[in-house]
Amino acid sequence: AYKGQPDGPALLARFKAGGGALYDLESLVDETGRRVAAFGYWAGFAGAGVTVKAWAAQQAGGICPPVARFADQQAMVAELTRDLDGRRPGALIIGALGRVGRGAADLLEALGLPVTRWDMAETESGGPFPEILAHELFFNCILARPGCPVFVPQATLAGPRKLTAIGDIACDPGSAYNPVPVYDRATDWAAPVIRVHAEPPLDVMAIDNLPSLLPVEASEDFASQLLPHLMTLNAPETGVWARAKAEFDRFTG
């Protein structure tokens, strides 16, 4: 609702018209502005997994098949190990210090894949970033904001590159700040990737409900983070709830 996405204004207008307020879980933050409860780690873990699966399908001359929930993270790692069949594509993660980036890195490390970790220091130049094209896999794990650099421009698709699979785990295709503007819609479990270029192939994974692929870990982790704050909901004028309400007020005037 707050990231410049097309449906945001209509959503917020409905709350305002009805005299209500939106306490967006993404806006529950501590005094430093850090979210107190987030699915990010498991989004990163699962998103990296689906992107690896997409890359493996490419190597067999196909495209990523439908995906379904996994019993647990061990089951995901075991399936991907079979898919890779000994291959070790290199990966670059932007946003590697955050929850999402750490989850993606842990999945890749569990598979024994080489990982390059970037964060704000490595991208402050604003680009271009040829290093991204020198890796088989690229993962965008940052929150799209005004001034965010473009990591993979459209112009790079037809040029020389090792890059053939992108995991846009942040998944903001409708945002004007999308740093991976080579696709225009989210993907889903039935069709996990969009092929945005045919030769050499480039597939983009942009599933927007990734933690649901690992429901046990994601649910237990999020619940443990959120529960202490739910216990303070009887005082919404204080703490995380007051800050969430202030964010709603800022966007609704």
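Readers should treat all values here as calculations from the given coordinates under stated rules, not as data from a laboratory. These figures come from a predicted structure and were not determined experimentally. Backbone-built Cβ (ideal geometry, glycine too); neighbour counts: all protein chains shown.
Where in region 1-91 are there GluC sites (Glu not before Pro) that are in a DSSP coil and have at most 14 other Cβ atoms within 10 angstrom of their Cβ?
In loop regions of region 1-91 (DSSP not H, G, I, E or B), the sparsely surrounded GluC sites (Glu not before Pro) are 31.
Take the alpha carbon atoms of region 38-73, find their center, do the same for region 192-253, and report the distance between the two centers in whole angstrom.
19
When the helix-only estimate is applied to the chain (DSSP H runs of n ≥ 4, each -39,500 (n - 2.57), divided by the residue count), what is the mean residue ellipticity at 222 nm, nearest 500 deg cm²/dmol?
-11000 deg cm²/dmol
I'd like the distance separating the alpha-carbon centroids of region 90-122 and region 18-37, in whole Å.
Using only Cα atoms, the two centres lie 27 Å from each other.
Once Rh is set to the Kirkwood radius over Cα pairs, what Stokes-Einstein translational diffusion coefficient, in µm²/s, holds for the chain at a temperature of 37 °C and a viscosity of 0.692 mPa s?
Details: Rh = 19.1 Å.
Rounded, D is 172 µm²/s.
Mind jotting down a quarter of the surface of the convex hull over the alpha carbons of region 1-112, in square nanometres, one decimal? Can you show the working numbers first?
Working: hull surface 39.5 nm².
The orientation-averaged projected area of the Cα hull of region 1-112 comes to 9.9 nm².
Can you tell which of 58, 190, 137 lies farthest toward the positive end of the dipole of region 40-213, using +1 and -1 charges on the Cβ of basic and acidic side chains (Lys, Arg; Asp, Glu)?
About the Cα centre, the residue reaching furthest to the positive side is 58.
Place a +1 charge on the Cβ of each Lys and Arg in the chain and a -1 charge on the Cβ of each Asp and Glu, then give the dipole magnitude about the Cα centre in debye, rounded to the nearest 20. It would help to have the intermediate numbers written out before the result.
Values: 21 positive and 29 negative charges, 58 e Å.
It works out to roughly 280 debye.
Taking 1 over the mean of 1/r across every pair of different Cα atoms in region 64-151, what Kirkwood radius in Å do you get? Please report the intermediate quantities before stating the final value.
Numbers: mean 1/r = 0.0699 Å⁻¹.
By the Kirkwood definition, the hydrodynamic radius is 14.3 Å.
Among the aspartates and glutamates, select those whose C-alpha is under 13 Å from the C-alpha of residue 53, and discard any that sit fewer than 8 residues away in the same chain.
Hits, sequence-local ones excluded: 79, 83, 85, 136, 203.
Can you divide the C-alpha Rg of region 170-253 by 2.2 N^0.38 Å and report the result to two decimal places?
Numbers: Rg = 18.4 Å, N = 84, 2.2 N^0.38 = 11.8 Å.
This ratio for region 170-253 stands at 1.56.
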